[in-house]
Amino acid sequence: MSTLFGDLIHPPDGSELSYVHVLFKWEEIPGSTGYDFQLSGSNDFTTPLNISTTKPFHIEKDYINWQSSYYWRVRANDGDWMLGEFSTGSPSYIFAPLDVDPVEIQVNSSIDSDGITLYGIMDPFYSAAVDMNGNEVWNSGGLDTYMFSSVDNNYNFLGDANLAPHYNGELGIEFTIEDGITWSQPTYGDEADFLQHELIKLPNGNFMGFVITYKEHFVPNSDDYPEYFSESFDFSFENNIPGWDGSFPYPWTWKGERIVEWDENGNEIWSWDVFDYFDLDDFDFINGFWEYAASNNEPFDWTHFNALAYDENENMIYVSSKNLSRITKINKNSGEIIWHVGRRWLGEDNIIEPAEQTDRFSGQHGLQLLNNGNLIIFDNGISSGMNDGTNIEKSRAMELKVSDILEVVWSYTLPVDLYGVISGNAQKLSNNNYLITTVGSDDGAHSLEVNNSGEIVWDCKYNIGTPQGAIYRAMRITGLHETDHEPPCICATGDTNCDGGWNVLDIVVLSNCVLADNCPGIEYGCAADTNGDGGWNVLDIVVLANCVVAENCGGC
C-alpha cells in the first residue's frame, strides 16, 4: 500500500478539531469516477466507516465523538490510499453546575425543523453550536475566545473578540468553523474598541461595522421644547445634574457611531457619521439613559447602533438604533436618509410610526432583511409596559413591512419570564418559522422556534445563568459547513417541475405541495416561492396562475 499525505486538504494532518461534524476534503484526481473513503478509530482500519462518493469531499456527522483520535484515508477507484489523522478537543464549557448539560432541549416537536443552531455568549466570550437534539457539534475552543454574532447566506461567520493590543472592548471578527479567527476590525484606541456587537460582510468582500464617535453638546432642557411640554414639566434627569438649575446650557459629551466600511486589509474606505445626519433634538428621555450618564458621569449613549443590514440591489443600508427605538434606511451612495421607522421624539418629523401605540418597538436588537424587503427584529420591549398601559415589560419577535406606513406582518410576544432587557435576536427560517433568542428575566436564556400560528415547536434552554443568561444571539443554519448549504435553485421561479416552461402542470405541483404543507421537501420546491416572501401558500398559487394565463412567467 502506498501512503501519501500531499493530496489531503482537510482536516490538516495531526490537527485537533473543535467540532465533531467534520468536513473531509481532498484534491480532485483527474480521470477519477469515484472515491473510497474510510474513517476509523484505529490506524489498522479493521472496522472502518466506509463511504463511496463521486465528490472530492465528505461530511461526517455521526461517527465522530469529542476527545477522541481518528485516522482517515481516501483513494480514487482502486488507486493508492492517501492517509491522515486528527483528534477532537473538549466539548463546551459548562456554565451551570457540573451535573447540568450546557443546553437543555425542552420542546422538539416539528418534523419541518432541522439544522444547526449557533449561539454566542457575552460573558465570557464563547460560542458553540448544537443540533436539534441539543448535542454539541462545534465550539470556539475555550473561554474568552470569541462571541458569535451572525452568519449570512454565504456562510460568512462573524462575531466579537477582545484582541490585542488593548484587550479593552470588542473588535469585530470573521471566523471559520475550520480555522477560527481569519479577520479582525482595525483598532481605534482603547475608548473606541467597541463594535456594539455587529459586523457584516458586504458582497464586494469588504466589512461594515461601527466605530464610536463623540460630540460636545448640552444636557437637554425641557424649557427648550414648549411645543411639547408645559412650563411646569421637567425631564426626570434634569435634577440629577450637579450644579445645574436649568438656567444655562450645561455641556455634556454625547456618544454616537460612525458606520464604517473596511477592506480586507483594514483600510477605511467609506464612513457615515450619525452626528452629520440625525437631529440632536431626538433623544430618549423616558428609559433612563440620561439618568445613567449623569449618575456615572459618562458620555450620554445617544444612539447605540447595534444592528446592520445591506441591500445590494438598491445599495441601501439599514441600521438599528437601540437607544432611539428606531430603524433607519440610508442611501449608501449619497448618505441621504430615506426613512426612519419607529419612535418619534422631539426633532425629526420624517418618522414612519405604527398606527397603534402597542405596535411600537423599543430597545430592539437584531435586524434581518428578507428578500421581499420586510424586516425581522427582536423587540426587547423596554417601553412596552408604557406603550400598552400594563407597566409590565414584554419582549417579542416582529416581522415589519415598511412603505408609507409601518405594517406588522407577524409578531409573537414571549412569556413575561422570558422578557429580555438586553441583547437577543429573531431570525425567519427557511421553513417560514421564526427562531427567537432572549436572555430571559427569570428562567435564563432560551431560543424558541415558533411557527406562524404561534406554536412553540422547539425550545432550547441555555444553562448559562439565571435569572438572565448572557446570550447575545443565536441563528439556525443547515449545517456547519458550506457544502451542507442548499445550492442555488437550478429551476426558474414558478417552474415547479423544472421542465423549462410554465403551465398548468406547475400549478398542480405547487397546489399539491401547499395543501400538503411540504413545499420545502419536494424536489424542486426552491422554485415554488413565486412571491418571494420566504413561504409557500395560496398567494404563490395565485401569482403562478396569473402569469401562466398571461404567458409572462419569465418575469415572475
> Among the residues of the range 423-444 satisfying the criterion of being in contact with a Lys or Arg (Cβ under 9 Å, 6 or more places away or on another chain) and aliphatic (A, V, I, L, M), which is modelled with the lowest pLDDT?
Replying inline: LEU429
> Of all residues in the range 162-174, how many are surrounded by fewer than 22 Cβ atoms within 10 Å (Cβ to Cβ) and either of a type in the set (A, V, I, L, M, F, W, C) or at pLDDT 95 or above (or both)?
Replying inline: 3
> Here are some residues: GLY494, GLY535. Which one is touching a residue at least 12 places away in the same chain (Cβ under 8 Å), on the phi > 0 side of the Ramachandran plot and outside the structural domain of VAL409 (by TED's automatic domain parsing)?
Replying inline: GLY494
>> For the range 456-468, which positions are closer than 13 Å to ASP443 by Cα and in contact (Cβ under 8 Å) with a residue 60 or more places away in the chain?
In response: ASP459, CYS460, LYS461, TYR462, ASN463, ILE464, GLY465
>> Pull out all pairs, ordered by first then second residue, where Cβ-Cβ is under 9 Å, the residues are six or more apart or on different chains, the first lies in the range 23-50 and is under 26 Å from VAL137 (Cβ atoms) and modelled with pLDDT under 95, and the second is surrounded by fewer than 17 Cβ atoms within 10 Å (Cβ to Cβ) and of a type in the set (Lys, Arg).
In response: TYR35/LYS55
> Is it the case that ILE105 is touching a helix residue (DSSP H, G or I) at 6+ places or on another chain (Cβ under 9 Å), in the same structural domain as GLN427 (by TED's automatic domain parsing), touching a residue at least 12 places away in the same chain (Cβ under 8 Å) and closer than 30 Å to ASN451 by Cα?
Replying inline: no
>> Can you tell me how many residues within the range 242-269 are in contact (Cβ under 8 Å) with a residue 40 or more places away in the chain and buried (at least 16 other Cβ atoms within 10 Å of the Cβ)?
In response: 10
>> Can you tell me how many residues within the range 382-439 are out of contact with any strand residue (DSSP E or B) (no Cβ under 9 Å at 6 or more places or on another chain), in a helix (DSSP H, G or I) and over 30 Å from ILE111 (Cα atoms)?
In response: 4
>> Restricting to the range 312-344, count the residues that are surrounded by fewer than 19 Cβ atoms within 10 Å (Cβ to Cβ) and within 19 Å of SER383 (Cα to Cα).
In response: 1
> Considering only residues of the range 18-76 that are β-branched (Val, Ile, Thr) and in a loop (DSSP other than H, G, I, E, B), which is farthest from THR478 (Cα to Cα)?
Replying inline: THR46
> Out of curiosity, is GLY363 under 19 Å from the mean Cα position of the chain (by Cα) and either farther than 16 Å from GLU449 by Cα or part of a loop (DSSP other than H, G, I, E, B) (or both)?
Replying inline: yes
> Within the range 219-236, restricting attention to residues that are surrounded by fewer than 14 Cβ atoms within 10 Å (Cβ to Cβ) and aromatic (Phe, Trp, Tyr), which residue is nearest to TRP290 (Cα to Cα)?
Replying inline: PHE233
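The values are calculated or read from the model by the stated rules, or taken from the named source; none is laboratory data. Every value quoted in this text rests on a predicted model; they were computed, and no experiment measured them. Backbone-built Cβ (ideal geometry, glycine too); neighbour counts: all protein chains shown.
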